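**Student:** Here it is: the structure, laid out below.
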Amino acid sequence: MSVILLTLPLLLAQVNPASAPASQPPAAAQAAGRAAGPAVDPSTIPPPIVRPGEAAAPAQLPPPPKADPVVLNTMAWLYFLGDPTVGSQDTLVGGALTWVKAVSLICLASWLFGWLLSGVKERVVARGQWVDYLGIAALVLTPTTVLVRVMESMQRIGAHSIGGVPLVTVLWMASVLLFAVWIEQALWRTIRRQGNRFDMAVLVIGHLMLAAGLAIGLWMLYEGFLLFILAYNNPFIPANLRLSWIDGLSYGLRLGLTFMGYVVFLRVAGQFGLEAARGRFRRLFAIGRLSVYEANRRMWAPWVVLTVFLLVLAFTHWFLQPPRAAEMGRLYVGALTLLCSFLLTAMVTILTPLSLPTDIQQQTIYTVVSKPVRRLELVWGRMIGYMALVTVLLVVFGGVSLAYLGRTVGGTQRATKAAYEKALKEGRLTEAKQLLEQSEQLYTRMTAREPIKGSLSFLDARGQPHAMGIDVGQDVSTREPRSHIEGATPSAAIWSFGRVPDPFTPPGRRPKTLYRVIPVDQFLPVGTIEWDLDQIYALDSKIREAQQAKTEKDVTAWRSNQLDQAIARNQSELDRLRSDYDAKRQKADDLQDKLEAAEAAGQADEVKRIRGELGKLHAPPVKVEMSFNVYRTTKGKIGEPVYAEISATNPYTRAQIEGDIFPVREYYTNDVYLPASILAGSRGALRVEIRCLSPTQYLGMAESDLFLLPRSGRFEINYMKGLFGIWLQAMVLTAIGVFAGTFLSWPVALLTTIFFFIAGQLAFGFLVDFTRQAVMGGGPFESLIRLLTHDNQMSELAPTAGVILAKTLDSLVMPVMSMLIFIVPNFNVLDVTNMVADGFAVGWGLLGVNTLLALGYAIPFSVAAYYILKKREVAA
């Protein structure tokens with residue numbers, strides 16, 4: 001049954017290479033018109049964007065299978081639920097399902113390994129019988145199969161086949177069959193002797209799920225659905241590709257493996273749920289309090305951390321010298337959050353793995369386990385105690401840091417503002433302008449901006465669309481690519497808002513729809529002139545849609561009468577809004593005339609009153625913030641800035657704003673204000689274009705460099721949200737440390753916790769590339785050969801015996817090591833302190849998603865710690 005876990009490298013290798021991991025929703029549901037996302041208007045989709053040096057797709061997608069829509073939808077959901085390589089992090093449901101799949105497979109592997117290990121220890125299996133020799137033969141045949149595959153790929157031997165079936169496939173099927181015979185008899189024997197009826201039920205239902213997965217794989221092959229999803233995920237597969245029954249069985253094994261994991265996951269969840277329900281808060285609180293006492297008594301850890309924090313903080317301003325005054329807030333906030341993160345994670349990394357091993361070694365845990373305390377309470381109680389320490393320290397760190405930032409950055413901002421006012425009074429206008437810019441930049445970094453971002457695409461000098469602009473040879477961030485546009489040419493950077501196609505969609509694929517809709521209600525307050533105009537456009541659109549619906553064929557009399565009533569109701573409301581709009585416009589015009597007269601007469605109080613009334617009638621202008629860099633091919637005139645032009649277009653009303661020219665202030669935030677009327681009738685869509693006007697200069701930007709800013713929040717709350725991300729990291733580290741301490745000695749547990757932290761904080765990107773087999777230079781053994789022979793990563797190694805052996809070992813090891821991506825936590829995702837340092841608001845939705853992600857890591861580690869501690873003898 002579970003032989004696939006041991007032969008997973010071969011299984012993944014045998015599936016057609018076109019079956020690349022996907023991240024799209026069920027393809028047949030899209031083909032049947034049941035896509036989860038909103039439909040894209042074909043008229044709004046630009047021509048396919050082909051990146052420089054990239055060829056167009058050789059073939060279009062094959063037509064969807066000709067089957068009943070219900071059958072298609074059923075296969076689509078089975079594909080989405082059963083394929084472990086398919087998932088979506090765009091929605092909460094998709095992310096939760098991906099988590100359940102990963103945890104289910106981990107539960108299945110742990111369940112299988114546990115029963116086999118128990119059978120070997122109790123001498124139920126592996127007693128020298130004839131079946132055991134089949135297992136040994138399978139162990140020998142598995143690397144032999146990989147060796148033959150590597151030699152064929154390096155053309156050291158020819159591609160052989162037996163009866164039309166490739167030799168590698170025959171060897172793989174033979175190894176699977178041999179493993180299956182040994183593991184099946186081992187599982188049945190061990191569970192019959194040592195398990196209960198629930199364990200036997202899991203075994204039987206697991207076999208049924210495996211059979212169901214195989215049947216579904218063959219069914220998808222027969223209906224043509226398997227070929228369709230392969231072509232959908234990889235448009236470059238040959239158009240004449242034909243799949244065999246072997247491909248159907250291979251894909252069915254993948255589905256059956258996931259379904260079997262669901263069964264084991266339900267079994268584990270049921271056991272864990274009963275254990276959690278029997279726990280009591282009093283015992284958890286007592287164990288947590290004991291953990292706090294031990295942390296203070298043994299190492300004085302909280303006091304050491306607090307002392308180091310205060311000492312470093314006392315001399316921070318000696319060493320932190322911002323390159324520009326505007327960068328002071330970002331530099332200080334980043335340094336303080338980094339200090340908090342380092343001290344707390346170091347404390348947790350040292351304390352948690354030492355707790356349980358030390359108690360077991362010194363036999364102090366006997367006093368605890370001799371009481372009516374459950375093993376889960378031992379795990380969760382220690383986690384609660386350590387997280388209580390982290391919470392108290394974070395609150396103290398946050399309060400002290402905010403006071404320090406208010407004294408340093410806030411004091412500098414206030415002093416700069418006072419210097420600006422003094423320079424303005426003395427007539428030093430140039431200096432006053434510079435001081436005002438510095439003051440505004442300091443204030444911007446010490447806020448919590450809530451940006452509305454669009455999707456960035458480019459036009460080249462010939463007006464052709466591209467996903468990327470010009471590469472000038474500077475370092476490019478892998479997280480957010482940066483491109484440039486040429487000055488004094490038609491090239492432009494375009495930010496599209498609304499429901500827009502993804503410019504990075506591979507050629508030949510249907511563009512993915514990005515949801516970048518502008519929340520118009522945040523920019524147009526209710527009752528303003530612009531709000532009335534937006535409602536007029538909306539009602540007029542509803543009336544035209546209803547009138548269009550009446551002209552369609554097969555409209556019943558009841559439907560026609562319903563449409564007539566909707567048209568009459570909307571028309572009445574439209575007439576009322578137009579009347580209000582005209583009255584407000586007339587009042588605004590009258591106030592504007594009075595304002596001009598009052599300004600001419602020098603009546604300051606009257607001017608202030610009239611401007612207040614105009615402010616109530618009009619929506620505030622739309623603030624656009626930009627931060628670009630300039631790549632200079634020539635120095636130009638000293639002191640002369642590079643100029644850019646911004647234009648905005650409403651795609652529905654065709655309203656345009658053109659010709660707003662502004663100087664680009666490098667390393668500063670550029671503010672441009674657009675009239676709020678540009679958003680009236682936009683339905684949340686807008687097109688903003690940026691052009692560089694200075695010849696021989698290049699303007700650089702990334703997608704997040706331009707955004708609309710409806711409002712800004714309080715920095716103090718945002719700073720504590722950033723510290724909450726550190727709290728989530730500490731929670732995951734606490735779970736890992738307690739887990740490692742349940743079965744390892746304290747030195748090994750400490751190293752294990754440090755490994756998880758380094759791998760998740762610094763090397764997670766490498767693990768992702770490792771999983772995708774995108775690491776240059778091959779696997780670890782091939783890289784070792786390149787290191788010893790001084791060969792570069794790009795050259796092809798000669799097919800010597802050592803190289804073949806290294807690639808064979810890599811083919812066996814890399815699929816297993818790539819599974820670390822599902823175990824090592826991604827600590828970088830939980831860290832939101834960079835957003836706080838840049839002055840951007842950390843949304844509650846992002847905190848909620850990060851909390852679920854942290855729990856998704858912490859809960860499985862705590863469950864594993866509970867089962868290990870349950871099986872371990874900790875008291876005599």
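**Student:** Add +1 for every Lys or Arg and -1 for every Asp or Glu among the other residues with Cβ under 12 Å from the Cβ of Gln194, and state the total. Could the numbers behind the result be given before it?
**Tutor:** Working: positive: Lys121, Arg123, Arg189, Arg192, Arg193; negative: Glu122, Asp199.
Taking every Cβ under 12 Å from that of Gln194, the sum is +3.
**Student:** Would you please classify the overall shape of the range 69-211 from the alpha carbon gyration tensor, given that a ≥ b ≥ c denote the square roots of the eigenvalues, rounded means a/c under 1.5, and beyond that prolate means a/b larger than b/c while oblate covers the rest? Write down the numbers at each step before the final one.
**Tutor:** Details: a/c = 2.13, a/b = 1.07, b/c = 2.00.
It is oblate, given that a/c is not under 1.5 and a/b is not larger than b/c.
**Student:** List the equivalent ellipsoid semi-axes of the range 133-185 in whole Å, largest first, each obtained as the square root of 5λ for an eigenvalue λ of the Cα gyration tensor.
**Tutor:** On the way: eigenvalues 109, 29, 8 Å².
So the three semi-axes of the range 133-185 are 23, 12, 6 Å.
**Student:** Related question: What Kirkwood hydrodynamic radius do you get for the range 138-280 when you take the inverse of the mean 1/r over all pairs of distinct Cα atoms, in Å? Let's see the in-between values first.
**Tutor:** Numbers: mean 1/r = 0.0547 Å⁻¹.
Answer for the range 138-280: a Kirkwood hydrodynamic radius of 18.3 Å.
**Student:** Kindly flag which residue pairs out of Lys101/Lys512; Lys417/Lys594; Lys616/Lys721; Lys422/Lys616; Lys721/Lys870 have an alpha-carbon separation exceeding 30 Å in this structure. Before the final figure, lay out each step's value.
**Tutor:** Working: Lys101/Lys512 24 Å; Lys417/Lys594 33 Å; Lys616/Lys721 34 Å; Lys422/Lys616 32 Å; Lys721/Lys870 37 Å.
Lys417/Lys594; Lys616/Lys721; Lys422/Lys616; Lys721/Lys870, as the Cα separations exceed 30 Å there.
**Student:** Sticking with this one: Roughly how many Å² of Lys422 are accessible to a 1.4 Å probe, to the nearest 10?
**Tutor:** Using a 1.4 Å probe on the heavy atoms, I get roughly 120 Å².
**Student:** In addition: Taking the DSSP beta bridges in the chain as the whole, what percent of them are antiparallel, to the nearest 5? Write down the numbers at each step before the final one.
**Tutor:** Details: 53 of 55 bridges.
Among the beta bridges of the chain, antiparallel pairing accounts for roughly 95 percent.
**Student:** Would you mind giving the three semi-axes, in whole Å and largest first, of the ellipsoid equivalent to the range 740-874 according to its Cα gyration tensor?
**Tutor:** Its equivalent ellipsoid spans semi-axes of 35, 24, 12 Å.
**Student:** From Cα pairs below 8 angstrom and at least 6 apart in sequence, can you work out the relative contact order of the range 375-490, rounded to a whole percent? Intermediate results must be reported in sequence, preceding the final value.
**Tutor:** Values: 61 pairs, mean separation 15.8, N = 116.
It comes to 14 percent, rounded to a whole number.
**Student:** Now for a different question. Quick one: what are the phi-derived ³J(HN,Hα) couplings along the range 747-762, Karplus 6.51/-1.76/1.60 with θ = phi - 60°, whole Hz, x for glycine and proline?
**Tutor:** Karplus-based 3J(HN,Hα) across the range 747-762 equals x, 5, 4, 5, 5, 5, 5, 5, 4, 4, 5, 5, 5, x, 8, 10 Hz.
**Student:** If you don't mind, another one. Longest span of the chain, sites excluded, free of GluC sites (Glu not before Pro) in DSSP loop with at most 15 other C-beta atoms within 10 Å? List each step's numbers first, then the result.
**Tutor:** Numbers: sites that count: Glu54, Glu122, Glu426, Glu552, Glu666, Glu796, Glu873.
So the longest stretch without any such site is 123-425.
**Student:** For the charge dipole of the chain, defined by +1 on Lys and Arg C-beta atoms and -1 on Asp and Glu C-beta atoms about the Cα centroid, which residue among Ala735, Ile717, Gln321 has the Cα displaced farthest towards the positive pole?
**Tutor:** It is Ala735.
**Student:** Another one. Return the loop-located trypsin sites (Lys or Arg not before Pro) in the range 510-582 (DSSP other than H, G, I, E, B) with at most 13 other Cβ atoms within 10 Å of their own Cβ; answer none if there are none.
**Tutor:** Numbers: sites: Lys512, Arg516, Lys542, Arg544, Lys550, Lys553, Arg559, Arg569, Arg576, Arg578; in loops: Lys512, Lys553.
Here the sparse-neighbourhood loop sites are Lys553.
**Student:** OK, next. Would you pull out the residues with amide H under 5 Å of Leu686's amide H, same chain only if 5 or more places away, H placed 1.01 Å from N?
**Tutor:** Result for Leu686 returns Phe497, Gly498.
**Student:** Could you derive backbone 3J(HN,Hα) for the range 382-391 from the dihedral phi with the Karplus parameters 6.51, -1.76 and 1.60 (θ = phi - 60°), listing whole Hz in sequence and x where the residue is Gly or Pro?
**Tutor:** Each residue's phi maps through the Karplus curve to give 5, 5, 5, x, 5, 6, 5, 4, 4, 5 Hz.
**Student:** For the range 423-564, how big is Rg over Rh, using alpha carbon atoms and the Kirkwood form of Rh?
**Tutor:** Numbers: Rg = 24.0 Å, Rh = 21.0 Å.
The Rg/Rh ratio comes out at 1.14.
**Student:** On to the next question. Give a residue-ordered list of calculated ³J(HN,Hα) values for the range 791-801 (Karplus: 6.51 cos²θ - 1.76 cosθ + 1.60, θ = phi - 60°; whole Hz; x for Gly, Pro).
**Tutor:** 8, 6, 7, 8, 6, 7, 6, 5, x, 7, 5
**Student:** Then there's this: Before anything else, pin down the relative contact order of the chain: Cα pairs under 8 Å, at least 6 apart, normalised by residue count, whole percent.
**Tutor:** The normalised contact order for the chain reaches 16 percent.
**Student:** Counting only protein heavy atoms and a 1.4 Å probe, tell me what percentage of the range 256-376's accessible area is made up of carbon and sulfur. Don't skip to the answer; put the middle values down first.
**Tutor:** Values: 4240 of 6260 Å².
Carbon with sulfur: 68 percent of the solvent-accessible area.
**Student:** The range 166-274: which trypsin sites (Lys or Arg not before Pro) are DSSP loop and have at most 15 other beta-carbon atoms within 10 angstrom? Before the final figure, lay out each step's value.
**Tutor:** Details: sites: Arg189, Arg192, Arg193, Arg197, Arg242, Arg254, Arg267; in loops: Arg242.
Counting only loop positions with at most 15 other Cβ atoms within 10 Å, the trypsin sites (Lys or Arg not before Pro) in the range 166-274 are Arg242.
**Student:** Separate question: Using only DSSP helix segments of four residues or longer, with each worth -39500 (n - 2.57), what per-residue ellipticity at 222 nm results for the chain after dividing by its residue count and rounding to 500? Write down the numbers at each step before the final one.
**Tutor:** On the way: 29 runs with 524 residues, N = 876.
About -20500 deg cm²/dmol.
**Student:** So, one more: List, largest first, the extents of the alpha carbons of the range 294-362 along their principal axes, each in whole Å.
**Tutor:** Between the extreme Cα coordinates on each principal axis of the range 294-362 lie 56, 17, 12 Å.
**Student:** Give or take rounding to whole Å, what are the principal axis extents of the alpha carbon atoms in the chain, in descending order?
**Tutor:** 109, 77, 66
**Student:** Would you mind checking which residues have amide H under 5 Å from Val125's amide H? H placed 1.01 Å from N; only 5 or more apart, or other chain.
**Tutor:** Excluding prolines and chain starts, which carry no amide H, the hits are Val120.
**Student:** Right, something else. Averaged per residue, what accessible surface does the range 789-876 expose to a 1.4 Å probe, in Å²?
**Tutor:** Details: 4340 Å² over 88 residues.
Roughly 49 Å² per residue, with all protein chains present.
**Student:** Hey, what's the range 500-559 come to in accessible area per residue, 1.4 Å probe, Å²? Don't skip to the end; give the middle numbers.
**Tutor:** Numbers: 3530 Å² over 60 residues.
Heavy-atom SASA per residue in the range 500-559 reads 59 Å².
**Student:** Rg (Å, one decimal) plus Dmax (Å, integer) for the alpha carbons of the range 618-686?
**Tutor:** 14.9, 45
The values are calculated or read from the model by the stated rules, or taken from the named source; none is laboratory data. Just so it is clear, the structure is predicted and the values come from calculations on it, not from any experiment. Virtual Cβ from ideal backbone geometry, glycine too; neighbours counted across all protein chains shown. Each accessible area value is taken on the protein alone, full model and side chains, heavy atoms only, with ligands, DNA and RNA left out. Shrake-Rupley method; radii C 1.70, N 1.55, O 1.52, S 1.80 Å.
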